[in-house]
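The values are calculated or read from the model by the stated rules, or taken from the named source; none is laboratory data. Since we're looking at a predicted model, the values are computed, not measured. For neighbour counting, all protein chains shown are included, and Cβ atoms are generated from backbone atoms with ideal geometry for every residue, glycine included. Heads up: the accessible areas ignore ligands, DNA and RNA and are worked out on the full protein's heavy atoms, side chains in. Shrake-Rupley method; radii C 1.70, N 1.55, O 1.52, S 1.80 Å.
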Amino acid sequence: GAQSAPATPELLLELNAATPSDKGCRLTFVVSNRLGAELSRAALEIALFNQAGVVDRLTVLDFKQLPAGKTKVTRFDLPGTDCGSLSRALVNQATDCAGPGVEPSACLKLLRTESKSGIAFGI
């Protein structure tokens, strides 16, 4: 049979939900490693904007190990943050991106963002 062309490698990061927690605001991300290689380490610095469009904070989200083809749900608690005050999240840089045959720039270059929360999410 004819082989279909491989899908473009990508790291898909979805901001799935932002829910108030006892600590502040809990962000739930769904990350899918479609790079075709294991990520032994993956961490992204995210800038969070308030409703006025001002950067509220920069925070590093460590997704740790992401096996190839695996989808993982990761939650991060942002202490002292009101979910309702967040308008936008922006991936500022990849602070860690490592795996066999993986370029350190791949995590950002091949990143695709989606949001199912009320917060705009992009690169």
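Using the Karplus relation 6.51 cos²θ - 1.76 cosθ + 1.60 with θ = phi - 60°, the per-residue 3J(HN,Hα) values for the range 51-58 come to 5, 7, x, 9, 5, 7, 6, 10 Hz, with x marking Gly and Pro. Taking the alpha-carbon centroid of each part, what is the distance from the range 99-123 to the range 1-72 in angstrom? Rounded to whole Å, the Cα centres lie 6 Å apart. Considering only 66, 118, 42, and ranking their Cα positions along the charge dipole of the chain that arises from unit charges at the beta-carbon of Lys, Arg, Asp and Glu, the one farthest toward the positive end is 66.
Relative to the present Cα-Cα distance, how much length would full extension add between residue 47 and residue 112 at 0.36 nm per residue of separation? Working shown, then result.
Values: separation 65, 0.36 × 65 = 23.40 nm, distance 1.61 nm.
Net length gain for the segment: 21.8 nm.
Mind running the shape call on the range 55-123? Use the C-alpha gyration tensor, a ≥ b ≥ c as the square roots of the eigenvalues: rounded below 1.5 for a/c, prolate if a/b tops b/c, oblate otherwise. Because a/c hits 1.5 or more and a/b exceeds b/c, the range 55-123 counts as prolate. Among the protein heavy atoms of the chain, carbon and sulfur supply 50% of the accessible surface, probe 1.4 Å, non-protein parts ignored.
Over the chain, calculate the relative contact order: mean separation of alpha carbon pairs under 8 Å at least 6 apart, over the residue count, as a percent.
On the way: 303 pairs, mean separation 40.8, N = 123.
Answer for the chain is 33 percent.
Using a probe radius of 1.4 Å on heavy atoms only, what accessible surface per residue do you get for the chain? Whole Å² is fine. Don't jump to the answer; show the numbers that get you there.
Working: 6580 Å² over 123 residues.
Roughly 54 Å² per residue, with all protein chains present.
Approximating the spin labels as points 7 Å out from Cα along Cα→Cβ, the residue 65-to-residue 105 distance works out to 2.9 nm. Checking (i) -0.82, -0.99, -1.25; (ii) -0.96, -1.11, -1.30; (iii) -0.93, -1.19, -1.61 against log10 I(q)/I(0) by the Debye sum over Cα atoms at q = 0.17, 0.19, 0.22 Å⁻¹ calculated from these atoms, the matching label is (i).
Pairs of lysine residues in the range 18-120 that meet both criteria, 8 or more places apart or on different chains and Cα atoms under 21 Å apart, total 6.
Summary of packing: across the peptides 53-59, 80-86, the per-residue average of other C-beta atoms within 10 Å ranks them, highest first, as 80-86, 53-59. Under 18 Å from a point 7 Å along the Cα-to-Cβ line of residue 8: which residues of the range 96-123 have their amide N that close? Only 103, 105-115, 122-123 pass the distance filter. Each residue of the range 74-82 was assigned a 3J(HN,Hα) from its phi angle through the Karplus curve 6.51 cos²θ - 1.76 cosθ + 1.60 (θ = phi - 60°); the sequence is 10, 10, 10, 9, 9, x, x, 10, 8 Hz, with glycine and proline shown as x.
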